[in-house]
Amino acid sequence: MKYRQFGNTYMIRIDLGEEIVESLKKLCENEHIFLGRVEAIGATDYAVIGVYDPAKKEYYPETVSEFMEIASPNGSITAMDGKPYIHLHAALADRRHGIHGGHVLEMRVGATCEMFVTVLDGEVNRQKDEGLGINLWTF
Amino acid sequence: MKYRQFGNTYMIRIDLGEEIVESLKKLCENEHIFLGRVEAIGATDYAVIGVYDPAKKEYYPETVSEFMEIASPNGSITAMDGKPYIHLHAALADRRHGIHGGHVLEMRVGATCEMFVTVLDGEVNRQKDEGLGINLWTF
Amino acid sequence: MKYRQFGNTYMIRIDLGEEIVESLKKLCENEHIFLGRVEAIGATDYAVIGVYDPAKKEYYPETVSEFMEIASPNGSITAMDGKPYIHLHAALADRRHGIHGGHVLEMRVGATCEMFVTVLDGEVNRQKDEGLGINLWTF
């Protein structure tokens, strides 16, 4: 991972073999980013994406181990328990032009990932909602 | 729906059972937002999405009544007839990791929806293009 | 194509029959934009999208010649060899609500395309990585 800052925006190049969520966490820790918006495109060769089951309160995961274009991982950086908290969703296109999508549990870069993080000045924390089983933005 | 403003950006949490387009309209009316960009991720359990038919000048709607991750609703806030006008497209991932997508006609939150609205300073109005049957940005 | 500038953001309406990547290049040349982020929604009736093959170092292209909603073309403007360099990925929804996605090689507007370009103050160049066969951001 390499990155540069332009005003309130970081441009991040995540490299072959690096995991996207972990790389983004590292950026946030290095740069003390606790609030922001994330957009990216790129390619992955290994991803675990999930669709939530509100009854079981867990994600149905799908693991895809082939080269795919990342059409859109979008999401946010907020804070939970004093640490940066990453929440990304993605749509992925495989070689047969099939599309996979959902909540990003894990995503490894297959060639390059070009990411923009727009930092916001402020703080939003997450708190677990016991009814839903997920961590909500608290205002 | 709850929200907070950070500089030119609103972060909006839209809650279980609330409709996304209506919630966004309400935000724009409350906060007098007439121009901006919208990004969000979240989950829905009921959505009507359409693909336009330029010959018939209407949308082919698809109604999906199951729990899905919202991979990307993106769009804009502009103005038409003096009111905020919302235009969103989305890609949705269902439990079988199938993907649905198109123009958002209706979308109800299935767990939470985390939205960013970046407000722009200015005004862009829409006007109906009779040839296309849709409301275009006018400059 | 018509556009207007609001602060660091351009709103661009790309019109029926115009090609999206070429239009965006023209905007960048007219306005001397060499660094920025791109988001858009719209419709296309002809698109060539690709999924990269790292072994062959070329894209598997898919050509789709039907009316589709553009759920998300996202990407970046950087510079290469002194010229603006456009990199876009997209997810497209067809009338059967099938989804196509990948790297945008060509995309013609089918009704309208509503694009936001957020300009960043700085410069990022691309350089070919011979191992990967693609042009990477250099920092």
So how strong a dipole does the protein assembly as shown carry about its Cα centre when Lys and Arg Cβ are +1 and Asp and Glu Cβ are -1, to the nearest 20 debye?
320
Please give the charge dipole size of chain A, origin at the Cα centre, charges +1 on K and R Cβ atoms and -1 on D and E Cβ atoms. Round to the nearest 20 debye.
140
Which shape class applies to the protein assembly as shown: rounded if a/c is under 1.5, otherwise prolate when a/b exceeds b/c and oblate if not, where a ≥ b ≥ c are the square roots of the Cα gyration tensor eigenvalues?
rounded
With one decimal in nm and the nearest listed first, the spacings from B:Asn8 to its own position in the other copies, using label points 7 Å along Cα-to-Cβ, are 0.8, 0.8
Solvent-accessible heavy-atom area per residue, rounded to whole Å², over segment A:14-139 at 1.4 Å:
37
With the dipole of segment A:1-76 worked out from charges on the C-beta (+1 for Lys and Arg, -1 for Asp and Glu) around the Cα centre, which of A:Tyr59, A:Gly7, A:Thr44 lies farthest toward the positive end?
A:Gly7
Do you know the Lys pair count in chain B for C-alpha distances under 20 Å, with sequence separation 8 or more or different chains?
8
For the C and A pair, go ahead and give the buried accessible area with a 1.4 Å probe, both sides summed, in Å² to 100.
2800
Segment C:64-124 and segment B:108-139: distance between their alpha carbon centers, rounded to Å
18
What do you get for Rg/Rh over segment B:1-91 if you use C-alpha atoms and the Kirkwood form of Rh?
0.98
Rounded to whole Hz and in sequence order, give me ³J(HN,Hα) for segment C:81-91 from the Karplus expression 6.51 cos²θ - 1.76 cosθ + 1.60, θ = phi - 60°, writing x for Gly and Pro.
6, x, 10, x, 10, 9, 10, 10, 10, 8, 10
Residue by residue through A:55-68, how many Cβ atoms from other chains fall within 10 Å of the Cβ on average?
2
Is there a simple number for the mean count of other chain Cβ atoms within 10 Å of the Cβ of residues in B:35-45, and what is it?
5
Within chain C, longest stretch free of exposed trypsin sites (Lys or Arg not before Pro) [DSSP loop, at most 11 other beta carbons within 10 Å]:
C:1-55
Inter-copy label distances at C:Lys57 (7 Å, Cα→Cβ; nm, one decimal):
5.2, 5.2
What are the nm distances, shortest first, from A:Glu130 to its equivalents in the other copies, labels at 7 Å along Cα→Cβ?
6.2, 6.2
Segment A:81-115 residues near the modelled B:Phe6 label - backbone nitrogen below 17 Å, point 7 Å along Cα→Cβ
A:81-89
Among A:49-55, C:131-137, how do they line up by average Cβ neighbours within 10 Å per residue, starting with the highest?
A:49-55, C:131-137
Summing -39500 (n - 2.57) over the DSSP H runs of n ≥ 4 in the protein assembly as shown and dividing by its residue number, what mean residue ellipticity at 222 nm do you reach, to the nearest 500 deg cm²/dmol?
-2500 deg cm²/dmol
Report the net charge of residues surrounding C:Val124, where surrounding means a beta-carbon distance below 14 angstrom and charges are Lys +1, Arg +1, Asp -1, Glu -1.
+2
Answer rounded, prolate or oblate for segment B:33-136, using the Cα gyration tensor with square roots of eigenvalues a ≥ b ≥ c: rounded when a/c is under 1.5, else prolate when a/b is larger than b/c, else oblate.
oblate
Calculate what fraction, in whole %, of the accessible area of the protein assembly as shown sits on carbon and sulfur atoms when a 1.4 Å probe is rolled over the protein chains.
45
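The values are calculated or read from the model by the stated rules, or taken from the named source; none is laboratory data. The structure displayed is predicted, hence computed values, not measured ones. So basically every Cβ, Gly included, is an ideal-geometry build from the backbone, and we count neighbours across all protein chains shown. Surface accessibility is based on the protein's heavy atoms, side chains included, excluding ligands, DNA and RNA. Shrake-Rupley method; radii C 1.70, N 1.55, O 1.52, S 1.80 Å.
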